[in-house]
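J.: Can you keep this structure in mind? I'll have questions shortly.
The values are calculated or read from the model by the stated rules, or taken from the named source; none is laboratory data. Being a predicted model, the structure only gives us computed values, none of them experimental. Here Cβ is always computed from backbone atoms with ideal geometry, including for glycine, and neighbour counts include all displayed protein chains.
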Amino acid sequence: MYNFAYHRPDSVDAAKSVFSGGDDPKFVAGGMTLIPTMKQRLAAPSDLIDLDGIGALKGIKAEADKIVVGAMTTHADVAASPEIRKAIPALAKLVEAIGDPQVRNRGTIGGSIANNDPAADYPAALVGLGATVVTDRRQLAAEDFFTGLFETALEPDELITEVSFPIPEAAGYAKFANPASRYAIVGVFVARTGGGVRVAVTGAGPCVFRVPEMEKALASSFSADAVKDIKVSDSDFNSDIHASAPYRAHLVTVMARRAVEAAQ
Amino acid sequence: MRTTVSMTVNGRSVSDEVEPRTLLVQFLRDNLRLTGTHVGCDTSQCGACVVHVDGKSVKACSMLAVQADGREVLTIEGLAEDGELHPMQAAFKEHHGLQCGFCTPGMVMSAIDIVKQHPDPTEAEIRESLEGNLCRCTGYHNIVKSIVAGAKTMRG
Ligand SMILES: Cc1cc2nc3c(=O)[nH]c(=O)nc-3n(C[C@H](O)[C@H](O)[C@H](O)COP(=O)(O)OP(=O)(O)OC[C@H]3O[C@@H](n4cnc5c(N)ncnc54)[C@H](O)[C@@H]3O)c2cc1C
Ligand code: FES
Ligand code: FES
């Protein structure tokens, strides 16, 4: 790992001002992706700005129709939250199956979505539930936030402050996990909301996406049978040692069916 | 670029100069000579480096020493009291929860965190919670057995 200057600001404003003074600065949250990347010398920031000292970015607020999760809230805290387990149990289950307990004790929602790994779980929940990403300067619909392979709409100096999840009528998540890392080979999040049914897929393509045919079928009948014969095209799907593109396409249908079965 | 870090390790206040890039595991092993915490993979997969920071299990190879500044760290060396093994260590010994022993410090530290979450853990809960700890020798069977037994003693 190359050396860097370490900063631990205690407010969003202080973090931004350190960022603007840096040569090639980077925020660090749980460090579960960034620190290994720096160890491999694939990232070499001049300044590392630790967001852990900013209390305002941590915590979970339950409101009448939504749950708001601070960017620095760990996976362990989301999975254990009584409010989330009650209002959106599918979200708690999704987070409980991220990596392993040690990764969940450090990894955060802000770090996970800023990184936008094509196999990460959170993007499916954000797009599936129609969540809003709140930053230091604006609010973005989840679908506009995740823009491509490891790409988001964030400006280099933009800081995610929280994520707001509308409470669905019912939701479910099913993932076919990589047996080594637990990242999703394919994960499907299904939600029935006041605004209609949403189906979001992670792991299969370069970036999370929705499946309109499945959403339409589920809107007329919210049942596993409604999606079990709907196939998706594998034309831009990922293909690697873990699974071929056609196999991933097959898994999308199977996981969608299981997600509907699990919905509560 | 050096900076001073101070933390409590196994109940003792320690302080030293480090580079910001110093990993917590390097600080423990190289600065404090607490070599019970192992480095198995260095890529966040194996869990040989698991320690507790403020009571939660973390991989010390994926955290910087500066990120542990001001916190309480517990390593495998801090478990035994007055020369007597911690109940979880004793259970690993009793139930052959180790062969070469390389993964053992991380296994024991993870096991104690598992018991915090599940005071009476089922075998399935243990296996699931050991997702981040790899063992190349035992086949896990006796590790799971040890944790069931260690949890029982810890419950009293
Ligand atoms: C062994 C292992 C297994 C894993 N398994 C899974 C899995 O099964 N599913 C899954 O989804 N994930 C998995 N992960 C990833 C994990 O969930 C982490 O959450 C993820 O690595 C990033 O979160 P972090 O808080 O550690 O972010 P960091 O590593 O600290 O940061 C990642 C990136 O986000 C940026 N960033 C962080 N916070 C903010 C913010 N508030 N605003 C703007 N930018 C920000 C950083 O600058 C950096 O570029 C795994 C990781 C490991 C090591
Ligand atoms: S050395 Fe830390 S996880 Fe392997
Ligand atoms: S006992 Fe040898 S690696 Fe576990």
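J.: Can you find a residue that is more than 14 Å from chain A (Cβ to nearest Cβ) and buried (at least 17 other Cβ atoms within 10 Å of the Cβ) anywhere in region B:56-65?
T.: No, that holds for no residue.
Each row is one residue, and each column tells you yes or no for (1) part of a strand (DSSP E or B); (2) in contact with a helix residue (DSSP H, G or I) (Cβ under 8 Å, 6 or more places away or on another chain).
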{"residue": "A:SER164", "(1), (2)": "yes, no"}
{"residue": "A:PRO168", "(1), (2)": "no, yes"}
{"residue": "A:TYR173", "(1), (2)": "yes, yes"}
{"residue": "A:PRO179", "(1), (2)": "no, no"}
{"residue": "A:ARG182", "(1), (2)": "no, no"}
{"residue": "A:VAL201", "(1), (2)": "yes, yes"}
{"residue": "A:ALA204", "(1), (2)": "no, yes"}
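J.: Test of understanding: among B:THR75, B:THR37, which residue is of a type outside the set (A, V, I, L, M, F, W, C), touching a residue at least 60 places away in the same chain (Cβ under 8 Å), more than 14 Å from chain A (Cβ to nearest Cβ) and surrounded by 18 or more Cβ atoms within 10 Å (Cβ to Cβ)?
T.: Checking each option against the conditions leaves just B:THR75.
J.: Something else about it: I'm trying to understand the selection: among the residues of region A:100-130, which are in contact (Cβ under 8 Å) with a residue 12 or more places away in the chain and farther than 20 Å from A:GLY205 by Cα?
T.: A:ASP100, A:PRO101, A:VAL103, A:ARG104, A:ASN105, A:ARG106, A:GLY107, A:THR108, A:ILE109, A:GLY110, A:GLY111
J.: Being buried (at least 24 other Cβ atoms within 10 Å of the Cβ) and at pLDDT 95 or above, is that true of even one residue in region A:130-140?
T.: Yes, region A:130-140 contains at least one residue that is buried (at least 24 other Cβ atoms within 10 Å of the Cβ) and at pLDDT 95 or above.
J.: On to the next question. Looking at region A:6-54, which of its residues are in a helix (DSSP H, G or I) and within 14 Å of chain B (Cβ to nearest Cβ)?
T.: A:VAL18, A:LEU34, A:ILE35, A:PRO36, A:THR37, A:MET38, A:LYS39, A:LEU51, A:ASP52, A:GLY53
J.: Something else about it: Residues of region B:96-125 being among the β-branched types (Val, Ile, Thr) and either exposed (fewer than 14 other Cβ atoms within 10 Å of the Cβ) or assigned by TED's automatic domain parsing to the domain that holds B:THR35 (or both), which ones?
T.: B:THR122, the sole residue that qualifies.
J.: Within region A:116-133, is even one residue over 13 Å from the mean Cα position of the chain (by Cα) and not in a strand (DSSP E or B)?
T.: no
J.: Residues to consider are A:ALA15, A:ALA64, A:ALA79; find the one that is surrounded by 18 or more Cβ atoms within 10 Å (Cβ to Cβ), farther than 21 Å from A:ALA120 by Cα and among the hydrophobic types (A, V, I, L, M, F, W, C).
T.: A:ALA15
J.: Within region A:56-63, can one find any residue that is within 11 Å of chain B (Cβ to nearest Cβ) and either within 16 Å of ligand 2 (Cβ to nearest atom) or over 19 Å from the mean Cα position of the chain (by Cα) (or both)?
T.: no
J.: Mind checking which residues of region B:116-137 are more than 12 Å from chain A (Cβ to nearest Cβ) and either at pLDDT below 95 or part of a helix (DSSP H, G or I) (or both)?
T.: Correct list: B:GLU123, B:ALA124.
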